[in-house]
Amino acid sequence: MKNLNNGSIKLAIQKNGRLTESTLGLLKSAGLEFEIYKQQLFSSCWNFPLNIIYLRDDDIPDYVASGAVDLGIVGENIILEQKSKVSIQLKLGFGYCSLCLAVPKESFITSSSELNNKKIATSYPQSTKRYLDEKGIEGEIVKINGSVEIAPALAMADAVIDLVSSGSTLALNDLRVIERIFNSQAVLIKNTYLSKEKKVIVQKLLTRLNGVLAAQNYKYVMMNAPTSILKIIQKIVPGLKSPTVSPLSTKGWISIQTVIKEDIFWETIEKLKEAGATGILVLPVEKLIL
Ligand code: PRT
Ligand code: ZN
């Protein structure tokens, strides 16, 4: 049997589920090379001291908290449900969802304050209990492992507390959201007691992952502009430090290269065009080390 305690760090990820594809994509984008076969329980990276362990998502926080593995990638919702003793290192920008309180469309319940003595179906009993306690509500929690949304139609519950992303499952089951309890996304978690040697490797992995995540937030932009509007352009796109400016062979014109944040991309492009920039070329950023 292969020895996984060989000085490499161990990262647990979801074996087969909603987070798997994005997690593997992120690791590959960070330049980690490994192979995966179906039914495989772990992979070893051949260009980084990392073993990837494939687990059910619910088991990942305990494996990390106990030190059986050093790192894990899992939904924040599971950390909040299990109150795991792990430290969240990075928010990974995928697996977005919210834990929501929902009731049948025709229900008279319009707010959480009307849940006293009502039955609430959920796969998240601890988060639900905390929520009810905070609100001072005495509700009866009905724990269900899957297909929570069907519980009201079967008269098993008056309300549900479940994860929602697009909202289509709720709509299909004639349910409406009346409160959002918390938002969640995939996170990288870490065991709180790592050896000095492992801390060094984890830091290297964090630098790589941060590089990929930061790059996703930026676009690389090149444009031409009359030299006379350089000051205005610099105000619109300050860049990471300042934009790169080089002369064009056409007199009185310059080429400007910079990065623009994804969330303000279109408004920035509009401002640049209004200011007089032309030939705006936009490229994705592969890695960005800040
Ligand atoms: O087998 P394993 O135990 O590993 O996986 P699992 O079946 O328990 O989990 P999985 O793969 O379904 O989800 C893994 C993680 O994805 C969750 O812990 C969340 O962090 C995240 N995530 C993001 C979601 C959703 N979006 C989501 N929509 N997890 C579940 N759902 C379910 C929800 O429970 C509901 O049934 O999808 C339905 C609602 O989706 P919409 O799009 O119709 O609103
Ligand atoms: Zn699960």
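Looking at the structure I just gave you, is GLY95 within 13 Å of ligand 1 (Cβ to nearest atom) and within 19 Å of THR122 (Cα to Cα)? Steps first, please.
Values: within 13 Å of ligand 1 (Cβ to nearest atom): yes; within 19 Å of THR122 (Cα to Cα): no.
For GLY95, the condition - within 13 Å of ligand 1 (Cβ to nearest atom) and within 19 Å of THR122 (Cα to Cα) - is not met.
Taking segment 84-112 as the search range and keeping residues that are over 27 Å from ASN217 (Cβ atoms), β-branched (Val, Ile, Thr) and surrounded by 15 or more Cβ atoms within 10 Å (Cβ to Cβ), which one is farthest from the chain's Cα centre (by Cα)?
ILE109
Which of the residues belonging to segment 139-168 are in contact with a Lys or Arg (Cβ under 7 Å, 6 or more places away or on another chain) and not in a loop (DSSP other than H, G, I, E, B)?
Of everything in segment 139-168, those that are in contact with a Lys or Arg (Cβ under 7 Å, 6 or more places away or on another chain) and not in a loop (DSSP other than H, G, I, E, B) turn out to be GLU140, ILE141, VAL142, ALA159.
If the Cβ limit is 9 Å and pairs must be 6+ apart or interchain, which residue in segment 63-81 that is without any contact (Cβ under 8 Å) to a residue 24 or more places away in the chain and within 10 Å of ligand 1 (Cβ to nearest atom) pairs with which residue that is of a type in the set (Asp, Glu) and open to solvent by 10 Å² or more (accessible area, probe 1.4 Å)?
Filtered contacts from segment 63-81: ILE78/ASP57; ILE78/ASP58.
How about segment 48-58: which of its residues are out of contact with any helix residue (DSSP H, G or I) (no Cβ under 9 Å at 6 or more places or on another chain) and surrounded by 17 or more Cβ atoms within 10 Å (Cβ to Cβ)? It would help to see each step written out before you state the result.
Taking segment 48-58 first, the residues out of contact with any helix residue (DSSP H, G or I) (no Cβ under 9 Å at 6 or more places or on another chain) are 51, 56.
Passing the criteria: only ASN51.
Going through segment 11-47 one residue at a time, which ones are closer than 19 Å to VAL69 by Cα, over 15 Å from the mean Cα position of the chain (by Cα) and open to solvent by 20 Å² or more (accessible area, probe 1.4 Å)?
Hits for segment 11-47 are LYS15, ASN16, ILE36, GLN40, LEU41, PHE42, SER44, TRP46.
Based on what the data block shows, is LEU4 surrounded by fewer than 19 Cβ atoms within 10 Å (Cβ to Cβ) and part of a loop (DSSP other than H, G, I, E, B)? Before the answer, list the steps.
Values: surrounded by fewer than 19 Cβ atoms within 10 Å (Cβ to Cβ): yes; part of a loop (DSSP other than H, G, I, E, B): yes.
Judged against the criteria, LEU4 is a match.
Hey, among the residues in segment 124-170 that are open to solvent by less than 30 Å² (accessible area, probe 1.4 Å) and of a type in the set (S, T, N, Q), which one's nearest to ligand 2 (Cβ to nearest atom)?
Among residues in segment 124-170 that are open to solvent by less than 30 Å² (accessible area, probe 1.4 Å) and of a type in the set (S, T, N, Q), the one nearest to ligand 2 (Cβ to nearest atom) is SER127.
Would you be able to say whether some residue in segment 200-220 is modelled with pLDDT under 95, under 30 Å from SER165 (Cβ atoms), out of contact with any Lys or Arg (no Cβ under 9 Å at 6 or more places or on another chain) and open to solvent by 20 Å² or more (accessible area, probe 1.4 Å)?
Yes, segment 200-220 has at least one match.
Determine which member of the set LEU24, LEU71, LEU55 is within 14 Å of ligand 2 (Cβ to nearest atom) and modelled with pLDDT of 95 or more.
On the way: LEU24 fails: within 14 Å of ligand 2 (Cβ to nearest atom); LEU71 fails: within 14 Å of ligand 2 (Cβ to nearest atom).
Answer to the check: LEU55.
Within segment 260-283, is even one residue open to solvent by 90 Å² or more (accessible area, probe 1.4 Å), hydrophobic (A, V, I, L, M, F, W, C) and within 23 Å of LEU26 (Cβ to Cβ)?
No - not one qualifying residue is present in segment 260-283.
Between a residue in segment 154-168 that is more than 18 Å from THR110 (Cα to Cα) and any residue that is assigned to a loop (DSSP other than H, G, I, E, B) and not hydroxyl-bearing (Ser, Thr, Tyr), which pairs come within a Cβ distance under 8 Å, given they are 6 or more apart or on different chains?
These pairs meet every condition: MET156/ILE144.
Sort through ILE78, ILE52, ILE9 and tell me the only one that's over 20 Å from SER184 (Cβ atoms), touching an Asp or Glu at 6+ places or on another chain (Cβ under 7 Å) and either in the same structural domain as ILE161 (by TED's automatic domain parsing) or not charged (D, E, K, R) (or both).
On the way: ILE78 fails: over 20 Å from SER184 (Cβ atoms); ILE52 fails: touching an Asp or Glu at 6+ places or on another chain (Cβ under 7 Å).
Going through ILE78, ILE52, ILE9 in turn, the sole match is ILE9.
The values are calculated or read from the model by the stated rules, or taken from the named source; none is laboratory data. Because the structure is a prediction, the values reported are computed rather than measured. Note that each Cβ is placed from the backbone with ideal geometry, even for glycine, and that neighbours are counted across all protein chains shown. What goes into the accessible areas is simple: the full protein's heavy atoms, side chains included, and nothing from ligands, DNA or RNA. Shrake-Rupley method; radii C 1.70, N 1.55, O 1.52, S 1.80 Å.
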